[in-house]
Amino acid sequence: MSTKPALLRAKLTHAATPFAIQSDWKTAASMLAVDVVALSLVFGSTVLASHQLASCIELIPYFAIVLVGFWAQGLYPGVLRHPAEEMRRIYSSFSIVFLGMASTTLLWRNTASHSLSMFLVAWAAAPPVVLLSRHILRCWLAQKPWWGVPAVVLGSGPTAQKVVRSLRDGMLGIRVTRILASEQMLAWSPDFPQAFGESRSTSLESHSRPAQYVIVAMPERLAVDLRHAIQYYCKGFSHVILVPDMPGLCSLGLSALEIGGGLGVELPQRLFHRVASAVKRIMDVVLGSFALLLVSPLLLLITLSIKLKSKGPVFYRHVRVGRNGESIAAFKFRTMVVDAESVLQNHLAAHPECQLEWQRDHKLKNDPRVIPIGKWLRRFSLDELPQLWNVIAGQMSLVGPRPIIEAEINRYGLGYDLYSRVRPGITGLWQVSGRNNTTYEERVAFDEYYVRNWSVWLDAYILVCTVRAVLTADGAY
């Protein structure tokens, strides 16, 4: 006969200070305030530019409707939202509201009505301004002691540790206030179901509400254990989040379903949605053509600089692995000497200490093959601008996995199946996540994550991050 499981005697909750209680609404109020400021700036600028000052009063209801839409989309306080998901929700809210505004204008047009052009300008300008304002606010307040919605984490294994690390910088709006280690909980046993009824003193329930969120990160426990943990340790919390250990599966855009009284999770397979793939291709052609037209003067300047400073061709065609494993010729500005291969072999022979770096990353931080202007082009990723031709031709995409050579396929292992499903991209998660400061294994993980979670909104988020990565030249060499 088993002994009765020992209860945790230590008090797991403490009376929350007024400071802790107020952090929930302070975070939400801060997000609301920055949205009001951003929207005021956009709406005010639009009205002033259109010289329709009388429209200010008429726009106030729409202004309020946008904020209501944000609230309905869960953007206050908007915690635990991936930037791509936040972007989708903000654009969806604006699109619905502005579609209603445009419809109202067309149906009840009069001399005081707003012009359609004013609507379009506001619709195009407002989401980027709101997103930028929210990002700036998070960067500014993330380390403040009151910032973030308090949360308790149940678990102490690798999954729980990963959760805590991801929340530490405060950018997701969650502040971990307490951790309950797995080994501190009851030694759950099906022989003693009554023990759980006697464990109320050990639950995290507290009338003072020190936290609203509890994150259950114990995938190593059995299903019955997790059910008991949620039932007896998660009382009083308005949000209970279960973090399973399911590596290799999509984590963005999941949908919960009820199947036979149980929980079903729908994993979006966006790569097989023809409409979504068509939208991605249209984005590549339209944005790629616009970008090529915009940077044409710069392309000409770089061409002349390479031609005058180094002997040899201006462009370099490198064979890369494309979609479905097909070989493509990716165009780049030549940044190396003509006899680059012999220079590399001579350098590795003279500097054996560089052999490990080359074998590990297929890159050298101080590469002797790179010409002087090539270092500048690589630092700001300007050498990859000719690949816009590859994008328009359908061989590459603006956003996608990092282009690899055939010799790298083996290093991708099973992940190569995911890699080969999409076109390689000029930019991607690797390029906006530290680039050469990351390990090769991390690069592969970035590519796999992108393919599993691909969406138009993730592409848009990466394109925005690319601008910052190029300007800061983070990890580029």
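A short reminder: the numbers here are calculations on the coordinates, not readings from a lab. Because the structure is predicted, anything quoted here is derived from the model rather than measured. In this analysis, Cβ positions are derived from the backbone assuming ideal geometry, glycine residues included, and neighbour counts consider all displayed protein chains.
A few notes on this one:
- A crude spin-label estimate for the pair Val240 and Ala125, with each label 7 Å from Cα along the Cβ direction, gives 4.8 nm.
- Gain on full stretching of the segment that runs from Phe315 to Leu299 - 0.36 nm per residue minus C-alpha separation: 4.7 nm
- Anisotropy class of the stretch 379-477 from Cα gyration tensor, a/c 1.5 cut: rounded
- Note on Lys309: lysines with a C-alpha under 19 Å away, same-chain residues under 8 apart excluded, are Lys332, Lys375.
- Residues His239, His228 arranged by fewest to most Cβ contacts within 10 Å: His239, His228
- Taking 29 Å as the straight-line reach from the Cα of Lys144, the lysines in range (excluding those fewer than 8 positions away in the same chain) are Lys11, Lys26, Lys162, Lys235.
- Estimated from the Cβ-Cβ distance and a Förster radius of 22 angstrom, the FRET efficiency linking Trp140 and Ala64 is about 0.25.
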